[in-house]
1. Going by a ≥ b ≥ c, the root eigenvalues of the Cα gyration tensor, does the protein assembly as shown fall in the rounded group (a/c under 1.5), the prolate group (a/b larger than b/c) or the oblate group?
2. Neighbour counts of other C-beta atoms within 10 Å: give me B:Val44, B:Val132 arranged from fewest to most.
3. Just to be sure I understand: with springs between alpha-carbon atoms less than 10 Å apart, which residue in A:Asp116, A:Asp223, A:Asp169 has the highest mean-square fluctuation in the Gaussian network model of chain A?
4. Kindly identify segment B:18-170 as rounded, prolate or oblate by the Cα gyration tensor criterion: order the square roots of the eigenvalues as a ≥ b ≥ c, call it rounded if a/c is under 1.5, otherwise compare a/b with b/c, prolate if a/b is larger, else oblate.
5. Which FRET efficiency value, to the nearest 0.05, do you get for B:Asp66 and B:Ala138 by plugging their Cβ-Cβ distance into 1/(1 + (r/R0)^6) with R0 = 45 Å?
6. So for segment B:85-170, taking the charge dipole from beta-carbon charges (+1 Lys/Arg, -1 Asp/Glu), which of B:His110, B:Val132, B:Phe99 sits furthest toward the positive end?
7. Treat the count of other C-beta atoms within 10 Å as a stand-in for reagent exposure and order B:Thr114, A:Thr182 from fewest to most.
8. Can you pull the one-decimal nm distance between simple spin-label points at B:Thr114 and B:Glu158, each 7 Å off the Cα toward Cβ?
Amino acid sequence: MTAAVYFISDLHLDAERPAVTRALFDFLQKITGDTNGAPASALYILGDLFEFWVGDDDDSPLVGEVADALREFSESGPDLYLMHGNRDFLIGADYAARAGAQLLDDPVVVTTGGNDLLLMHGDSLCTRDEDYQRFRTLARSPEWKADVLARSLDERRRLAAQLRMASRDAGSRKAADIMDVTPSEVERIRRETGVRTLIHGHTHRPARHDEPGGTRWVLGDWDAQGWFLRHENGELQLNKFDVIQ
Amino acid sequence: MVTLHTTYGPIKIELDAEKAPATVANFLMYVREGFYDGTIFHRVIDNFMIQGGGFDSEMNQKATQDPIENEADNGLKNDFGTIAMARTMDPHSATAQFFINVKDNDFLNHSGKTMQGWGYAVFGRVVEGDDVLEKIRAVPTTSRSGHQDVPTEAVIIESATLDEDSGEVA
C-alpha cells in the first residue's frame, strides 16, 4: 500500500471563524493516524490557508496556534507544503519555517505515486478578471511587498481590513463566469508543463472536470463543510465533511 | 427617503445628496428602475456589515450600469447604520451593490487618495429599522456559488421604494 497524499486549500482561517481552525486541527490529527488506509505522507495546502496575511511578524494568537499545529504535524513525519493564495501571498520564509512547511511556487509540478500533478492556487487562471490580474501583478512585485511590509503592524492590519471589504463581484459589470477559470488558460498551462492532471482551489467551486486536455480537480473552501483531495494507490478522490460549528 | 422592504421588515434610509451627489443619483437610478427588487443581502458578516443589491435569490449576478467615482472623501463615516457603496479593490468601481455597516468600521473611512486609503463612500443612513439590521446581521450563513458568508436562507429585498415627499435634494 502506498502512502496517502492530501490536498486542501481555501480554509480562509480567521479569528472570527474558530470552527474552521478547529476543523483543520482535527483534520491534521485524522490524516496522521488514518484508520481507513495509509497515514499521510504529505499534505499540500494550495493557497488561502489564511483569510489575510499582514506579515510574518503578526503576533495574533491564531497565527501562532496554526504554526504550532502545522509544525507538530510535519514533525510527526509527513511532508508539508504551502502555496500562496490571493489572500495570504505575503506569507514569508520565516512563517513557513515556524510551521515546518516548504513554500511552493505557483504553478508547480509534483510527482506522487508515479503520477505527475500540476498544482496551482487558481487565481492566475481567472484571466478574464482583468482588474484582479492587474492587482495580482502589482501585489506580487518585490517593490509593493517591500512597501507594505515596511509599514507598522497596525497599519497593515488596517489595510488588510480594507481589502477584506473589497468584493470581486461588486463592480465593473462583471459576469459571474469572469470569476471562474478561463478554459484556454487551463489548456495553455497544461501544454506548457506537459501535465494533464491539474489540482487547484480559489474558485470555491469544488468539482472534478474531465476536460479534453486532462482532468482538473477543484478543491473546495472550508466553511460549513470542509474539502480535501486524497491521492492513494494512483487514484484521486475528492471528499467533503461537515465542519462542527 | 428610500425604503428597502426586506423579508425581515422595512429599512428606511435617508440619503445625503449634498455630501454624496453622484452616489445618491446612482443609487436612485437603480431604485427607480426596480433593479434592487428581488435582490438579496448575499454577504452577511455579523459585527461588520451586510452587503446586497447585486444578486437574485438564486445567486445569479445582475448586470449593472457603469461604475461611479468614489465619493468617500466627503467626510461621512462608516458608522453603525450608515449605507455605503461596495466595490472591488479599485476605488472607483462601485456599481449597484451597497452595504450597511452594523458596527463602526473606522478602517473603511477615507484617509487619502491612494488605492489603500480611498475608503468606502457613505451616502446615507438608516433612520428606521435598526431592529431589522439586528435580525439580518445574525442570520446563519454558509458558502454558496463561490461566495462566503451567504445567508443559508435568502434575505430578500422584495422592493426598494422612493418616498418623493421626503424633501431630499435628489
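1. Details: a/c = 1.95, a/b = 1.85, b/c = 1.05.
It comes out prolate by the Cα gyration axes.
2. On the way: B:Val44 24, B:Val132 20.
Going from least to most buried by this count: B:Val132, B:Val44.
3. A:Asp169
4. Working: a/c = 1.36, a/b = 1.19, b/c = 1.14.
Rounded, because the longest to shortest axis ratio a/c is under 1.5.
5. Working: r = 35 Å, r/R0 = 0.78.
It comes to 0.80.
6. B:His110
7. Values: B:Thr114 8, A:Thr182 15.
Starting with the residue having the fewest Cβ neighbours, the order is B:Thr114, A:Thr182.
8. 4.8
Every number here is computed from the coordinates shown, using simple stated rules; none is lab data. The structure displayed is predicted, hence computed values, not measured ones. Positions of Cβ are backbone-derived with ideal geometry, glycine not excepted, and every protein chain shown enters the neighbour counts.
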